[in-house]
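Below is one structure, written out as structure tokens; the observations come after it.
The values are calculated or read from the model by the stated rules, or taken from the named source; none is laboratory data. From a predicted model like this one, the values you see are computed outputs, not experimental measurements. Note that we place each Cβ from the backbone using ideal geometry, even for glycine, and neighbour counts take in every protein chain shown. Note: accessible area is taken over every heavy atom of the protein model, side chains too, but ligands, DNA and RNA are not part of it. Shrake-Rupley method; radii C 1.70, N 1.55, O 1.52, S 1.80 Å.
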2 protein chains.
Amino acid sequence: MSNDDFKYRIDIGSNEMAIVREALEEIFPFWKELLPEEKEMVKENARVETYGKGVVINRTTEECKGLMAVRAGQLRTYILSEEGREVTLFRVQEGEICVLSASCLMDSIIFDVLIEAMEPTEVIIIPSSVLHQIKDKNLYVELYLYKTATEKFSDVMWTMQQILFLRIDQRVAAFLWDEMQRQKSMTITVTHDEIARYIGSAREVVTKVLRYLAQEKVVELKRGKIDIVNKEKLKKLL
Amino acid sequence: MSNDDFKYRIDIGSNEMAIVREALEEIFPFWKELLPEEKEMVKENARVETYGKGVVINRTTEECKGLMAVRAGQLRTYILSEEGREVTLFRVQEGEICVLSASCLMDSIIFDVLIEAMEPTEVIIIPSSVLHQIKDKNLYVELYLYKTATEKFSDVMWTMQQILFLRIDQRVAAFLWDEMQRQKSMTITVTHDEIARYIGSAREVVTKVLRYLAQEKVVELKRGKIDIVNKEKLKKLL
């Protein structure tokens, strides 16, 4: 972690913290099922943390932080092989809740998931220790955790189906298509290495596919950027 | 489905059904959390079904049968690509409960999972319609479903990590090792096609790896069987 990462790790003022506390009700869907004393406990212990781009927040289940709501920025959850290969499971966008950062609270989850800030990211955290006490007494909170985890795993299964069953050129094409729509631009800012990590492949393989797509006049390759020059042809590859 | 499949689809006698009803308490972990009238409802509606080897029980979430406990035999859950490629998620053994056969009760599950009888298999089913009524009122039952689903997905993530990150020869070796221990024999009864389906690869690839292992004197290949001739060498490949 470089010093640069810390420039985003700022404390928010007490005024803003008061605003965050008032907003908890709207952020966490199980709020209405909490007892008054449980609400008080969450309000007192919820905190805001900010991470620089590329900071890995959760490394193993042991360091599990708690339930996170993204206030600004974006998180990425992924798994890692012993050789350092990554596969992205899903992203957590602004306004969404990351339940896998509380995976240590769920006995049923036994694999390691990593969570990384994709850009400077601000999150509201209900710490694991607090949530642990509440979920042991409040069935709704436990149900919320497992229900949300099941939902996420169901999404992940979809991703895995893509990875397992799609041909590599289709996977690259699908990534470019999604990014074009997400970035709302025909020019996508991304490196070959980043694409490889997203789709769970090797950089060399991605470069080969991109060169093929350039040759077919579907894209034009630039330094750190890819121009989509034929949207129709790209769509046909999906 | 051929006529052959039906030879296992027998009705059990009323005496045996009485035994099954009495056993529900030990089979389903949420039993103690059911109200007396809910217990009565489950007892009245639980049924026993028997499937022949190779019968696919759940084809889509629409046909979702309900919560199944395996009394005898073995189930396999898997996903299927449009081209017919399969990846096994997990097996459900005698005495275990299959929660994905009740996936329609969980809004959070949105992908299609298939369930196949690996051998003549007898299951006790609490039908979806009954479970649906109960879980809407009884939080424990809903929590049980989601908790068990999360547990299974966590196992599946482990399987996926194996598939995504292991080299193909390691995957074949790991399969042979596991089967050797499961079948408690140095002779494994399995076809190349079956191995391919288990590890999510193609038959041709598996055949190539097996020929390599035979050449290295790790295994000997026979019709429909594989002899492990050097356990130590096999272990080193893991």
Within a Gaussian network of chain A (alpha carbon springs, distance under 10 Å), most fluctuating of A:Ile168, A:Ile125, A:Ile115
A:Ile168
Ignoring ligands, DNA and RNA, what percent of the 1.4 Å accessible area of the range A:17-131 is carbon and sulfur?
46 percent
Over the range B:148-236, what is the relative contact order in percent, taking alpha-carbon pairs closer than 8 angstrom and at least six residues apart?
25 percent
Relative to the isolated chain, which residues of the range B:128-143 have their accessible area cut by 30 Å² or more in the presence of all protein chains (1.4 Å probe, heavy atoms, no ligands or nucleic acids)?
B:Leu139, B:Glu142, B:Leu143
With every protein chain in place, the accessible area of B:Thr88 for a 1.4 Å probe, in Å² rounded to the nearest 10, comes to 10 Å²
What Cys residues in chain B are without a partner cysteine, judged by a Cβ distance under 4.7 Å?
B:Cys98
Going down the table (A:Lys147/B:Lys152; B:Lys53/B:Lys147; A:Lys152/B:Lys152; A:Lys65/B:Lys152), which pairs top 18 Å between alpha carbons?
B:Lys53/B:Lys147; A:Lys65/B:Lys152
Computed accessible area, A:Lys43, all protein chains, 1.4 angstrom probe, square angstrom
50 Å²
What Kirkwood hydrodynamic radius, in Å, does the range B:79-124 give when the mean of 1/r is taken over all pairs of distinct Cα atoms and then inverted?
12.3 Å
So if I average 1/r over every pair of distinct C-alpha atoms in chain B and take the inverse, what Kirkwood radius in Å does that give?
19.5 Å
Percent RCO, i.e. relative contact order, over chain B, from Cα pairs under 8 Å lying at least 6 residues apart
18 percent
Between B and A, accessible area buried - total, square angstrom, nearest 100, 1.4 angstrom probe:
3100 Å²
Using only the heavy atoms of the protein chains and a 1.4 Å probe, how would A:Trp158, A:Trp31 rank by accessible area, largest first?
A:Trp158, A:Trp31
Those residues in the range B:107-124 that give up at least 30 Å² of accessible surface, probe 1.4 Å, once the partner protein chains are present instead of the chain by itself are B:Ser108, B:Ile110, B:Phe111
Name the residues whose placed amide hydrogens come within less than 5 Å of the amide hydrogen of A:Ile57, ignoring near sequence neighbours (fewer than 5 apart) on the same chain.
A:Ile115, A:Glu116, A:Ala117
Computed P(r) (all Cα pairs; the range A:133-200; 10 Å bins; percent)
18, 33, 23, 16, 10, 0
Averaged per residue, the 1.4 Å probe accessible area of the range B:71-133, protein heavy atoms only, in Å², is roughly 34 Å²
Please check the range B:159-201 for residues whose accessible area, probe 1.4 Å, is lower by 40 Å² or more when all protein chains are in place than in their chain alone.
B:Met160, B:Gln161, B:Leu164, B:Phe165
Using only the heavy atoms of the protein chains and a 1.4 Å probe, how would B:Thr191, A:Thr159 rank by accessible area, largest first?
B:Thr191, A:Thr159
When chain A is treated as a Gaussian network with springs between alpha carbons less than 10 Å apart, the largest mean-square fluctuation among A:Asp155, A:Asp107, A:Asp136 is found at A:Asp107
Non-local amide H neighbours of B:Lys225 (under 5 Å, H modeled in plane, Pro and chain starts lacking H): which ones?
B:Val190
In Å, the Kirkwood hydrodynamic radius from C-alpha pairs for the range B:51-158 sits at 14.0 Å
Relative to the Cα centre, what is the charge dipole magnitude of chain A, using +1 at the beta carbon of each Lys and Arg, -1 at the beta carbon of each Asp and Glu, and rounding to the nearest 20 debye?
1240 debye
